[in-house]
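K.L.:
Below: one structure in structure tokens.
Throughout, read-outs are computed from the coordinates displayed, never taken from laboratory work. Since this is a predicted model, take the numbers as computed values, not measurements. Note that each Cβ is placed from the backbone with ideal geometry, even for glycine, and that neighbours are counted across all protein chains shown.
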Protein chains: 2
Amino acid sequence: MQDSEDYLRKKAFFDSLLTIYGRKPVLEALQDESIPAYKLHLAQSNRDDSVVRAIRDAADKRNIEINLCDRKALSRISRNAKQDQGVALDLALPHYGTADSFLNSLPASFELLALDGITNPQNLGMIIRSACAGGIDGILLPQKGCAQVDPLVIKSSVGTVFKTRILRCKTLHDTLARFREAGTEVIGLSSHAKRTLSDIGGSGCRIFVLGNETHGVSDAVSRISDSSVRIPMQNQVESLNVAVTAALIAFRKQL
Amino acid sequence: MQDSEDYLRKKAFFDSLLTIYGRKPVLEALQDESIPAYKLHLAQSNRDDSVVRAIRDAADKRNIEINLCDRKALSRISRNAKQDQGVALDLALPHYGTADSFLNSLPASFELLALDGITNPQNLGMIIRSACAGGIDGILLPQKGCAQVDPLVIKSSVGTVFKTRILRCKTLHDTLARFREAGTEVIGLSSHAKRTLSDIGGSGCRIFVLGNETHGVSDAVSRISDSSVRIPMQNQVESLNVAVTAALIAFRKQL
């Protein structure tokens, strides 16, 4: 019994870790003391150059544990041998969580963005930045079919990924179905919708689904949505950049 | 007298031409019959491959004049020998104009965006796309210090650059000064401003100045602005992507 509680506690902790990699992103994260870091991983094969020394020094200064390992172990930790440059860092972000944990204690009202097939890391970063600034309560990020948080996303989010609630899930369809069962309204963005964004009322429990830039929201996700809305556009423009759409949703009550 | 009138008419016509280059952008523009094209320029050194043939055929089909010239002449036309791939196309866009012509017949009310140091072509394209969809009346684009309309911008604007009023000017400072003399309100975006975007009223004659992503609006332009506004942000986010800012301005009355 003790063992399984211990296991679950550890699992929850490791689930909450975001491992980033690459020398520049790792050094920048270490230098920003507002970003909680858990452990630094360095490949023994790294040459002791000025950047690696700066990374070590920054970790030492913050008393962050350093794990020296061989190149193979490091690539298992980073999961990106091509781009890790022999450096990985586990971040213990308070806002990096799972859809499951959010579902277990739903607030009385909230607005989330759900990402359906957002494959471009730059767009993902910009969506996070806009959502964070506009006060969105979290971003549902499925492991399947979407870009994941990596150095490009961190850069394009201008660091806001560290203070935005990211709710990971396996597949969007199943997770949205569970939110619907819990009484959350699921609204897909679609240029063909009859309702416009301004028809959506004030506070409530609501998820806006943003689809792939070329193909829109997938059929499977459309089918389990409650409704769809569009953003009215002039000059026969057919679509907006997905990060712009995210911003218009996030800021719509404040403008 | 006849001569100088003729000269001015011709000058105005050539001023209104936008020359694009590169095989893919030129072919796409030729294939879209809604984009008015004036003349196709081809380097004699081009190999007669399938793309060049497709470009020729598309021009023939639309009865567009073809100018065969040597490589040097072509690079003078494209002004970008490195990227023109031996192909340039003059577009006669009704919305591609100058700040001067707009100033000569100011509408009773209008909103423009002015770009101050927007050097990233992708951002320029996204600004144009958002402004076009949100119904902004035009974009003031100085020749100095800003990206210019090129294939990357066209691509990132998703074709909206062809239906957005682009008002070219030499320097932003002098042009904004002339707008102010004509009674137009010039408002700089600044994260330090006291007023927020929602304080700006309904219709009027108004220019919003968007600054460089890193340095904001330049000092020279700030000094001749009437006021500044900010977009209120949550979670201590300090700035938004400039195309997102453009979208929030353009769509603010419709959300």
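K.L.:
Treating the angle as unsigned and between 0 and 90°, give the value, to the nearest 10°, between the Cα long axis of helix A:50-61 and the longest Cα principal axis of chain A.
P.N.:
Taking Cα atoms only, the helix is inclined about 90 degrees.
K.L.:
Now a separate question. By how many nm would the segment from B:Phe13 to B:Ser198 grow when fully extended, if each residue of separation counts as 0.36 nm and the alpha-carbon distance is taken off?
P.N.:
So the chain would gain 62.6 nm between B:Phe13 and B:Ser198.
K.L.:
If every alpha-carbon in segment A:2-92 counts as one equal scatterer, what log10 I(q)/I(0) does Debye give at q = 0.25 1/Å?
P.N.:
So the normalised log intensities are -1.26.
K.L.:
For the protein assembly as shown, what does the equivalent ellipsoid look like in terms of its semi-axes, each the square root of 5 times an eigenvalue of the Cα gyration tensor, given largest first in whole Å?
P.N.:
45, 28, 24
K.L.:
Continuing with the same structure: Under the Kirkwood approximation applied to all pairs of distinct alpha-carbon atoms, what is the hydrodynamic radius of segment A:21-70 in Å?
P.N.:
10.9
K.L.:
Moving on. In segment B:1-87, which trypsin sites (Lys or Arg not before Pro) are in a loop and have at most 11 other Cβ atoms within 10 Å, using DSSP for the loop call?
P.N.:
B:Arg47, B:Lys82
K.L.:
Give the residue from A:Val87, B:Gln44, B:Ser157 lying farthest towards the positive end of the charge dipole for the protein assembly as shown; charges sit on Cβ (+1 for Lys and Arg, -1 for Asp and Glu) and the dipole is referred to the Cα centre.
P.N.:
B:Gln44
K.L.:
So for segment A:138-231: antiparallel DSSP bridges make up what percent, rounded to the nearest 5?
P.N.:
That works out to approximately 5 percent antiparallel.
K.L.:
Taking only Cα atoms, what is the 0 to 90° angle, nearest 10, from helix B:242-251's long axis to the longest principal axis of chain B?
P.N.:
That works out to roughly 70 degrees.
K.L.:
Find me the longest stretch of chain B that has none of the exposed GluC sites (Glu not before Pro), where exposed means in a DSSP loop (not H, G, I, E or B) with at most 16 other Cβ atoms within 10 Å.
P.N.:
Counting only loop sites that pass the neighbour cut-off, the longest clear stretch is B:34-237.
K.L.:
What whole-number distance in Å separates the alpha-carbon centres of segment A:156-197 and segment B:174-242?
P.N.:
What the calculation gives is 32 Å, centre to centre.
K.L.:
For A:Lys144, go through the lysines and keep the ones whose alpha-carbon is under 29 Å away, minus same-chain ones fewer than eight residues off.
P.N.:
A:Lys10, A:Lys11, A:Lys24, A:Lys39, A:Lys72, A:Lys82, A:Lys155, A:Lys163, A:Lys170, B:Lys155
K.L.:
Ordered by residue, what ³J(HN,Hα) values in Hz, to whole numbers, does segment B:122-139 give under the Karplus form 6.51 cos²θ - 1.76 cosθ + 1.60, where θ = phi - 60° and Gly and Pro are x?
P.N.:
With the stated coefficients, segment B:122-139 comes to 5, 4, 4, x, 5, 4, 4, 4, 5, 5, 5, 5, x, x, 5, 7, x, 10 Hz.
K.L.:
Which aspartates and glutamates does A:Lys194 reach when only Cα atoms under 14 Å apart count, and residues fewer than 8 places away in its own chain are ignored?
P.N.:
Correct list for A:Lys194: A:Asp226.
K.L.:
Here is a further query. Which whole-Hz couplings ³J(HN,Hα) result when phi for each residue of segment A:83-91 is put into the Karplus expression 6.51 cos²θ - 1.76 cosθ + 1.60, θ = phi - 60°, listed in order with x for Gly and Pro?
P.N.:
In residue order, the calculated couplings are 10, 6, 6, x, 9, 9, 9, 8, 9 Hz.
K.L.:
Let me ask you something else. Grab the DSSP H runs of the protein assembly as shown that are 4 residues or longer, score each as -39,500 (n - 2.57), total them, divide by all residues and round the 222 nm result to the nearest 500 deg cm²/dmol.
P.N.:
It comes out at -10500 deg cm²/dmol, rounded to the nearest 500.
K.L.:
Here is a follow-up. Using a simple charge model, +1 on the beta-carbon of Lys and Arg, -1 on the beta-carbon of Asp and Glu, nothing else, what dipole does segment B:1-66 show about its Cα centre, in debye to the nearest 20?
P.N.:
Here the size comes out at about 200 debye.
K.L.:
When the label point is put 7 Å from the Cα of A:Glu33 along its Cα-to-beta-carbon vector, which residues of segment A:48-79 have a backbone N closer than 16 Å?
P.N.:
Residues passing the 16 Å test: A:57-64.
K.L.:
Right, something else. Pull up all non-local amide H partners of A:Arg168: gap of 5 or more, or a different chain, and H-to-H distance under 5 Å with H placed in the peptide plane.
P.N.:
Sorted by chain and number, the residues that satisfy this are A:Gly97, A:Thr98, A:Ala99, A:Leu141.
K.L.:
Hey, another quick one. Starting from a Cα-only point model with no solvent, please compute log10 I(q)/I(0) by Debye for segment A:96-251 at q = 0.12, 0.13 1/Å.
P.N.:
-0.44, -0.53
K.L.:
Taking the Cα centre of segment A:96-251 as the origin, how large is its charge dipole in debye, to the nearest 20, when only Lys and Arg (+1) and Asp and Glu (-1) carry charge on their Cβ atoms?
P.N.:
Computed about the Cα centre, the dipole is about 200 debye.
K.L.:
While we're here: Which ³J(HN,Hα) values in Hz, rounded to whole numbers, follow from the phi angles of segment A:216-223 under the Karplus curve 6.51 cos²θ - 1.76 cosθ + 1.60, where θ = phi - 60° and Gly and Pro get x?
P.N.:
With the stated coefficients, segment A:216-223 comes to x, 5, 5, 4, 4, 6, 4, 4 Hz.
K.L.:
Moving on. Connecting C-alpha atoms closer than 10 Å in a GNM of chain A, tell me which of A:Asp150, A:Asp219, A:Asp49 has the biggest fluctuation.
P.N.:
A:Asp49
K.L.:
Still on this structure, I have one more. Note down the magnitude of the dipole of the protein assembly as shown about its Cα centre, charges +1 on Lys and Arg C-beta and -1 on Asp and Glu C-beta and zero elsewhere, to the nearest 20 debye.
P.N.:
The calculated dipole for the protein assembly as shown is roughly 420 debye.
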